[in-house]
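Throughout, read-outs are computed from the coordinates displayed, never taken from laboratory work. Note that the structure is predicted; figures quoted are calculated from it, not measured. Ideal geometry is used to build each Cβ from the backbone, glycine not excepted, and the neighbour counts take in all protein chains shown.
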Amino acid sequence: MSAKQILTTLMMVLALIVVGSTTMAADMPEQVSLDTMVELFEAVEFDHDMHSELGEDCSVCHHHTTGTGTTDDRCISCHANSDELETVACINCHVSDPFSSEHLSRESQEIYQFHIDRPGLKAAYHWNCIGCHEEMDGPTGCEDCHARTPEGDEFYHKDATGSADEGGHH
Amino acid sequence: MSGISRRKFLAASVAVGAATTLGGTKKALAAGSFSGYPNSMGVLVDLTRCIGCRSCEAACNKEQKLPDPNLPFDDMSVFDQTFHHGTQKRRTDESAYTVVNRYTPEGSEPIYRKVQCNHCAEPACLSSCFVNAYTKTKEGAVIYDGSVCVGCRNCMIACPFNVPAYSYSSAFGAVVKKCIFCHETRLKDGLPPACVEICPQEALTFGKRKDLLKIGHQRIQTHPGRYIDRVYGEKELGGTHWMYLSPIPVEEVGFDPRPGNEPIISHVKEFLGVVPMVLAIWPALFTGFHLLAKNQEGHGDHEHDTEHQHDEEGGQQ
Ligand code: SF4
Ligand code: SF4
Ligand code: SF4
């Protein structure tokens, strides 16, 4: 066996292993870096593993896209038995620029009644995260999850020290 | 002057006008037929989504290059501030074009409401302004040209939402200041306002006003029990471009529950229609004030200013 043959065989074996393990679980990212607001906040390293162990059901977060049924009242009439979709990441449906003119004109063409007024990525995260964290005593304060960058501190005027009733003409 | 007394002031002027009509001319000049630019934009504010994080205030401060705040924007003690012996919550002023206030109705979680100009379809500020400082843009914003403002406070009295404020940099330099829907830096280029973009909760939905109305009614329908059945601003005062969905009656979050569906412009026109002389004299009078003010103010560059007034349509200040 030449070196080249060995290499080819190895690659095939490797490919088989990869294909064989392409089950849903192996597809699942262990960690997801949420980094759409990095100017003001550090990226949030979302522990997907830990959260998927906590949640009884993928559909709690993924609605009807993971092929595991759905618990959402609004999805159930059409998607009770929907298959797993090719892409299940949040950002595939919840765009990061929900109010750009391109997205708004796409939205106005949307024909599926239940898909209009879909939240953007930031809102989708916050609604899901905060709602659940409130129920399960997870972190809910802004900085519990989002460490601020120096630009963020400046944006919120961290060092403002005037008194509350100073200035203004109420 | 509190909001109520300002409105009473206006109502009183209208009443005086009406009393002198001797019948007949009433409503003759009523407006209300202008349905607005069809594709103009708006914002739907969903009070059930707002968590009172004040990020919108911070974003506005940065975008509009406003003075540094007294307290950091993540300081929540501002919600406890009241004015006029506890009767009034924070209001917008020359250094804050938007403020978030907290309401704590009995038996309910706190509700937060962001305050800013509502960009009325038929703005009372605009119709009360004698030097035509205001413009309603085709994008939906109500903007103003500070360089022609004479600081007469008419708009402040006329606005049903207590929005316009003044910056008093010098005796004659009083100039109106308010939210301009980020018109210059964003809206006119099709971008959402800074406050909308930063909101972590999408409590502020930006879109065509006509689409927002549909979305608003659909939210009410799809979430029974979550909202009262009203999109505040759909019809109120002739319609506003910033509109509200509320979980509780609007008066409990500081709105006038019965402002009527007539734009204030109808009343103003009615009032002015009664005394046509006023129409003829006031603009001249105010132009006089304005020229006087500008003359006293600068010695070198006022000619410059006056030249600019007309071609800088409502430039932001
Ligand atoms: S809310 Fe007040 S300032 Fe804003 S457009 Fe309406 S009348 Fe004018
Ligand atoms: S629209 Fe612009 S000016 Fe108005 S409150 Fe928002 S950020 Fe401030
Ligand atoms: S940024 Fe959004 S959630 Fe935060 S206070 Fe403003 S409107 Fe409310």
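Between residue B:235 and residue A:115, the FRET efficiency estimated from the beta carbon spacing at R0 = 45 angstrom works out to 0.95.
Sort the stretch B:69-158 into rounded, prolate or oblate with this rule: let a ≥ b ≥ c be the square roots of the eigenvalues of the Cα gyration tensor; rounded if a/c is under 1.5, and if a/c is not under 1.5, prolate when a/b is larger than b/c, oblate otherwise. Prolate shape, in that a/c is at least 1.5 and a/b is the bigger ratio.
The H on the amide N of residue A:41, modeled in the peptide plane, is under 5 Å from the matching H of A:149, each at least 5 residues off or on a different chain.
Can you give the FRET efficiency to the nearest 0.05 for residue A:89 and residue B:210, using r as the Cβ-Cβ distance and R₀ = 35 Å? After rounding to 0.05, the efficiency reads 0.60. Comparing B:45, B:84, B:248 along the charge dipole axis of the stretch B:44-263, the residue lying farthest to the positive side is B:45, per the Cβ-charge model. Computing Rg and the Kirkwood Rh from the Cα coordinates of the stretch B:44-263 gives a ratio, Rg/Rh, of 0.94. Within the stretch A:41-138, the GluC sites (Glu not before Pro) that combine a DSSP coil assignment with at most 12 other C-beta atoms in a 10 angstrom radius are A:56, A:86, A:110. The ranking of A:64, A:146 from fewest to most other beta carbons within 10 Å of each one's beta carbon is A:146, A:64.
Just in the stretch B:98-133: which trypsin sites (Lys or Arg not before Pro) are loop by DSSP and have at most 10 other Cβ atoms within 10 Å? Write down the numbers at each step before the final one.
Numbers: sites: B:102, B:113, B:114; in loops: none.
Qualifying residues, ordered by number: none.
Scanning residues 5 or more positions from residue B:120 or on other chains, those with amide H under 5 Å from its amide H are B:241, with H placed 1.01 Å from N in the peptide plane.
With a Förster radius of 56 Å, plug the Cβ-Cβ distance of residue B:87 and residue A:33 into 1/(1 + (r/R0)^6) and report the FRET value to the nearest 0.05. Numbers along the way, then the final one.
Details: r = 49 Å, r/R0 = 0.87.
So, using R0 = 56 Å, E works out to roughly 0.70.
Can you bin the stretch B:87-206 into rounded, prolate or oblate? Criterion: square roots of the alpha carbon gyration tensor eigenvalues sorted a ≥ b ≥ c, rounded for a/c under 1.5, prolate for a/b above b/c, oblate for the rest. It is oblate, given that a/c is not under 1.5 and a/b is not larger than b/c.
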